[in-house]
Amino acid sequence: MPAKLTYAHHGDACRAANALDLVGDRWTLIVVRELLLGPKRFADLQDAVRGITPAVLSDRLRSLRQAGIVDQVTLPDLARTRAYAVTEWGRGLESVLASLGRWYSSGPDPRTSGGMTPDAMVLAMRTMAPPVPEGLPPTALRLYDARQPNPPVREYRLAANDGLLDVRPGVAVDPVATVTADSTAWSEVLFDGLPLTGAERAGTVRVEGDRDTVTDVVRLYLAAPRG
């Protein structure tokens, strides 16, 4: 197979063009998206990046490592499992993905189809984070991807930080409420106007604890500008 010619090879010194040489291939930014909130094993990435083949995933990870965007790491478990994580430089691509999401949302038809992985949903929440009162109590968010068989549940915590809703990976300490949800259903509640009560009746969202805090979060997202 002939070597792929880059924009740089063609003499284009534009830094945006040269950035596309690194992350412009199909699947590449989606792989990065799934690593921004924490390391994942190859198998985790294979499950999260729907449609990618093992060979293409291996190729994208190799390219990302060569570019200095992703590193291979060892997880602190007994098996010392190998995984992949973004570098500090690679972490800067969250703002690129956020800008793309906001740009698409401001377009003539921002509707999408399909589903959302837990990390993709949380990154969307961070992108569209609404202003919140500083007194918003800590809330636990537990998301899973119902499209997977026996999906793992990923833990996140919500709190107010500098006037915005802050969503991060990790277990919330003494949360006043816990939301356990299919990540796609939770996306539909926050961004598409699916009534929270409807999702609860369908069994795709479960709220425990202070329900008023959760409904406040939902209202804040529904009222936030999309562009």
FRET E, pair A67, A43, Förster distance 22 Å, beta-carbon r, rounded to 0.05
0.45
Round to the nearest 0.05 the FRET efficiency obtained for S99 and L75 when R0 = 41 Å and r is the Cβ-Cβ distance.
0.85
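Can you give the relative contact order of the range 121-227 as a percent, counting alpha carbon pairs under 8 Å and 6+ residues apart?
Details: 188 pairs, mean separation 30.1, N = 107.
Result for the range 121-227 is 28 percent.
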In nm, the gap between the two label points placed 7 Å beyond Cα toward Cβ at A17 and T127 is 2.7 nm
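For the chain, what does the relative contact order come out to in percent, with C-alpha contacts under 8 Å and a separation of six or more? Could the numbers behind the result be given before it?
Numbers: 330 pairs, mean separation 33.6, N = 227.
Taking the mean separation of contacting Cα pairs over the length of the chain, I get 15 percent.
What length, rounded to one decimal in nm, is gained on full extension from R91 through to T112, with 0.36 nm per residue of separation minus their alpha-carbon distance? Before the final figure, lay out each step's value.
On the way: separation 21, 0.36 × 21 = 7.56 nm, distance 2.54 nm.
Residue separation times 0.36 nm, minus the Cα-Cα distance, leaves 5.0 nm.
Would you mind ranking L196, L57 so that the residue whose beta carbon has the fewest other beta carbons within 10 Å leads the list? Write out the running numbers ahead of the final one.
Working: L196 20, L57 17.
So the residues, fewest neighbours to most, are L57, L196.
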Whole angstrom only: what separates the Cα centroid of the range 72-114 from the Cα centroid of the range 188-227?
23 Å
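Per-residue counts of other Cβ atoms within 10 Å, averaged by peptide: what ranking do you get for 210-218, 28-36, 14-22, highest first? Walk me through the intermediate numbers first.
Details: 210-218: 17.0, 28-36: 21.0, 14-22: 13.1.
Those peptides, ordered most packed to least, come out 28-36, 210-218, 14-22.
Give the relative contact order (percent, whole number) for the range 12-87; include only Cα pairs under 8 Å separated by 6+ residues.
Values: 77 pairs, mean separation 24.6, N = 76.
Taking the mean separation of contacting Cα pairs over the length of the range 12-87, I get 32 percent.
Working out 0.36 nm times the residue gap between V153 and T6, then minus their Cα-Cα distance, what length gain in nm do you get to one decimal?
Taking 0.36 nm per residue and subtracting the Cα distance, the gain is 48.9 nm.
How much length is gained if the chain between D212 and D174 is pulled fully straight, taking 0.36 nm per residue apart and subtracting their Cα-Cα distance, in nm to one decimal?
Numbers: separation 38, 0.36 × 38 = 13.68 nm, distance 1.64 nm.
That pair, D212 and D174, stretches by 12.0 nm at full extension.
Based on the mean of other Cβ atoms within 10 Å per residue, sort peptides 111-120, 137-146 so the most packed one is first. Kindly include the intermediate steps, with their values, before the conclusion.
Details: 111-120: 16.6, 137-146: 20.1.
Ranked by mean Cβ neighbours within 10 Å, highest first: 137-146, 111-120.
Coordinate-derived values only; no laboratory data. Just so you know, these numbers come straight off a predicted model, no measurement behind them. So basically every Cβ, Gly included, is an ideal-geometry build from the backbone, and we count neighbours across all protein chains shown.
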